[in-house]
1. Just to be sure I understand the filter: pairs with C-beta atoms under 7 Å, separated by 6 or more residues or on different chains, first member in the range 219-231 and touching a residue at least 24 places away in the same chain (Cβ under 8 Å), second member open to solvent by less than 80 Å² (accessible area, probe 1.4 Å) and among the aromatic types (Phe, Trp, Tyr). Which pairs pass?
2. Can you list the helices (runs of 4 or more DSSP H) found entirely within the range 313-418 that contain at least 1 residues being open to solvent by less than 70 Å² (accessible area, probe 1.4 Å) and in contact with a Cys (Cβ under 6 Å, 6 or more places away or on another chain)?
3. Identify all residues within the range 7-26 that are open to solvent by less than 70 Å² (accessible area, probe 1.4 Å) and either in a loop (DSSP other than H, G, I, E, B) or under 17 Å from Ala118 (Cβ atoms) (or both); write none if there are none.
4. If His44 meets every condition in (1) open to solvent by 40 Å² or more (accessible area, probe 1.4 Å); (2) in contact (Cβ under 8 Å) with a residue 40 or more places away in the chain apart from one, which number is that one?
5. Does any residue in the range 322-344 that is free of Cβ contacts under 8 Å to residues at least 24 places away in the same chain come within less than 7 Å, Cβ to Cβ, of a residue that is among the hydroxyl-bearing types (Ser, Thr, Tyr) and open to solvent by less than 10 Å² (accessible area, probe 1.4 Å) six or more places away or on a different chain, and which pairs are these?
6. What is the residue count in the range 155-199 for residues that are among the small types (Gly, Ala, Ser), on the phi < 0 side of the Ramachandran plot and in a loop (DSSP other than H, G, I, E, B)?
7. For the range 276-290, name all the residues that are open to solvent by 30 Å² or more (accessible area, probe 1.4 Å) and of a type outside the set (Val, Ile, Thr).
8. So which residues in the range 353-386 are charged (D, E, K, R) and touching a Phe, Trp or Tyr at 6+ places or on another chain (Cβ under 8 Å), if there are any at all?
Amino acid sequence: RMRFGSVALALSFFVPFTLMIAIFIGNGIYPFGKRSFLFSDMYHQYMPFFQEFMRMIKAGEGISYSWNVGIGSNFFALYVYYLASPFNWLAFLFPADHLMEFMSYAVVVKIGLAGLTAFLYLRSREAIENTGLRDYGALAASLLYAMSGFVAAYNWNVMWMDCVVLLPLILMGLERLVRKGKMGLYVAALAFCILTNFYISIMVCLFLVLYFIYLFLAEKRSFSMIWKFAFGSLLAGGLAAVLLVPEVKALMATDFGDVDFPKKWESYFSILDVLARHSAAITTERALEHWPNIYCGTMVFFMIPLYAVNEKIPARKRLGMLVLMGIFLVSFSTNVLDFIWHGLNYPDSLPARQSFIYVMMVLVACYDCFIHLEGLRGKEIIKVYLATVLFFLCVEKFVDVSDFADWNWILNVGIVTV
């Protein structure tokens, strides 16, 4: 009889994939209607760039320069930023007049793959006896990762989605490097991430430094591991240098190369405001208000405090993970840290583009707490529940943001109560 683990593996891809197809059907996206999924820059920029890329390849012109973009443009730089994903080469298997549909359903497939890689990563974490609990926890957390607020807001940035898919594999590879000294998966996944989209990879690489420090301290590894991490990271960057070096050179000639470091520290909003963004049924942010899209299930209000007091998880690991999440929360609301996370530039819209990394960390903590339920006592669960209700009462009283409907706090308290 097939074990649930195999079924859960398949579900981690097909559930988010099917949910996206249902969304397409409900909104009349072609071929289920006459509407297009392409949105904003995906329609105005990415689609034309993709068409020109395919035309140039089929015509044997190469991709160094194009006269069909503006009045002439360095097309190789555009290729590296927007089109470098190997997934795009599959478009040559489809009719040219269905390129729009290829881009639309590429998003659907990548969301499914994000669920799959998240499941594989979570399932690879520390072995415990209750394997069934691991499968259920990994499946639930992987679905929340694939359908998070970040994905809801930014899925149309199809070139970013490759990094969302690859992040769990990079983390799996880094943990394997730290614990077993094997760097193959880490190098391959990180190099692939940098190749597919170097910009989001900046945020991934910054985080990997923090996450390595966390693993190094929490697991008390030898100093030789520092050299292995440094070598593996440089090797991954070297493998991606064939695209990375010319892209950086091209960017230095644009406004992106002008670094105007903030002269003073400023705060956009309070930590309470940021934490409230975990609530269900809030509007995603794509403009200039700096709000991070970090929704990944209302259960985080309940599970993260339980994680903090779960004695089955070593205290230094809990503390380290909470510090990592705290760094992200402060970064979302602080101008200098926001500037650093985005490659020494402020995003001109689509704020907090590193949010998917934070979402992964939150779900890792929730998963670790779930598979160690035996470390919790009834009175702790009751105290955390009451504290969560109090938190939402504070949200109702003090958070005055248009994204939150008047009934939002009641909905979230109801979900937590269930």
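The values are calculated or read from the model by the stated rules, or taken from the named source; none is laboratory data. Predicted, not measured: the structure shown is a model, and the values here were computed from it. Cβ coordinates were reconstructed from backbone atoms using ideal geometry, including for glycine residues, and neighbour counts include every protein chain displayed. Ligands, DNA and RNA are excluded from the accessible area calculation, which covers all protein heavy atoms including side chains. Shrake-Rupley method; radii C 1.70, N 1.55, O 1.52, S 1.80 Å.
1. Within 7 Å, the pairs are Met225/Phe216; Phe229/Phe212.
2. Hits in the range 313-418: 355-370.
3. Those that are open to solvent by less than 70 Å² (accessible area, probe 1.4 Å) and either in a loop (DSSP other than H, G, I, E, B) or under 17 Å from Ala118 (Cβ atoms) (or both): Val7, Ala8, Leu9, Ala10, Leu11, Ser12, Phe13, Val15, Pro16, Phe17, Met20.
4. Failing condition for His44: (2).
5. Correct list of pairs: Leu337/Ser331.
6. 0
7. As a first pass, look at the range 276-290 and keep what is open to solvent by 30 Å² or more (accessible area, probe 1.4 Å): 281-284, 286-290.
If the condition is that a residue be open to solvent by 30 Å² or more (accessible area, probe 1.4 Å) and of a type outside the set (Val, Ile, Thr), then Ala281, Arg286, Ala287, Leu288, Glu289, His290 are the ones that fit.
8. Listed by number, the residues that qualify are Arg353, Asp368.
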